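One structure is given here, and the rest of the page talks about it.
The values are calculated or read from the model by the stated rules, or taken from the named source; none is laboratory data. What you are looking at is a predicted structure, and each value in this text was computed from that prediction instead of being measured. Because the Cβ atoms are built from the backbone with ideal geometry, glycine has one as well, and the counts that use them run over all protein chains shown. Surface areas here come from the heavy atoms of the whole protein model, side chains and all, with no ligands, DNA or RNA. Shrake-Rupley method; radii C 1.70, N 1.55, O 1.52, S 1.80 Å.
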Amino acid sequence: MSFTLYGAEGTGSTCVEAVLDIAGADYHFVPASPFEGGEAFERLKSINPLLQVPALELPNGTLMTESAAILIYLSEIFPEANLAPKPGAKGRATFLRWLTFLAANFYSTYAISDKPGRFYEDPAGHDMLVKGALARRRALWQLMEAQIKPASFIVGDTMTVLDIYAAMMSHWSPGRDWFRTNCRTLNAIVERTEAHPVVARVFARNFQSN
Ligand SMILES: N[C@@H](CCC(=O)N[C@@H](CS)C(=O)NCC(=O)O)C(=O)O
């Protein structure tokens, strides 16, 4: 019995892939890009009507979407991987706060820039929407940068799925150069996270150009 991960290179499936690998889970990866059309797109349509990745089919056939929920779930069913503070443990509230912050505030801006036509039909307005989403992302990273307490990782001294999530997002727009310059504390955490051998291997596969 294994997991099936639907995803595409460099997208939100990257963090799920990393966590499944760290946990030593049995899974197979199905290419299902929301951007390329063709067979992969049709496959995704039949799995997730929202046409987004990541989507994860559990061994019992249950489908999970929503990256933050998937990460929390995997950290729960693979406790030996030690990828999240346990419920009630020190750091759990902060862990949940920033994981949800990134999903709800940061990730959601890509719903605008990935396909602006969903929000405003006239292509003449799309540049403005994309620029607005980018400005919002910069502001959100800087808010988080100002709020987190300096430590080895976002929550204390142990790497969690949250660090992997943030590291993945740091590769997306506004991009790594901007991130390195403007979010020094977070950047140090991201670099520490990417030094993990499994994260390094999965990221090298997903982020070849940046
Ligand atoms: N809320 C979703 C967002 C997923 C998402 O936006 N994924 C992007 C790829 S990184 C996507 O599928 N974009 C295509 C689209 O939104 O149609 C999650 O957290 O998993």
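At-a-glance table
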| quantity | calculated |
| --- | --- |
| Index of the failed condition, residue 4 passing every other in (1) touching a strand residue (DSSP E or B) at 6+ places or on another chain (Cβ under 9 Å); (2) surrounded by fewer than 16 Cβ atoms within 10 Å (Cβ to Cβ); (3) β-branched (Val, Ile, Thr) | (2) |
| Test: residue in the stretch 17-28 that is away from the ligand (no atom under 13 Å from the Cβ), open to solvent by 20 Å² or more (accessible area, probe 1.4 Å) and farther than 23 Å from residue 159 by Cβ | yes |
| Hits in the stretch 53-76 (condition: surrounded by 12 or more Cβ atoms within 10 Å (Cβ to Cβ), more than 16 Å from residue 155 (Cα to Cα) and more than 14 Å from the ligand (Cβ to nearest atom)) | 57, 58, 59, 76 |
| Qualifying residue in the stretch 123-143 (condition: open to solvent by less than 30 Å² (accessible area, probe 1.4 Å), within 11 Å of the ligand (Cβ to nearest atom), closer than 18 Å to residue 68 by Cα and touching a residue at least 40 places away in the same chain (Cβ under 8 Å)) | no |
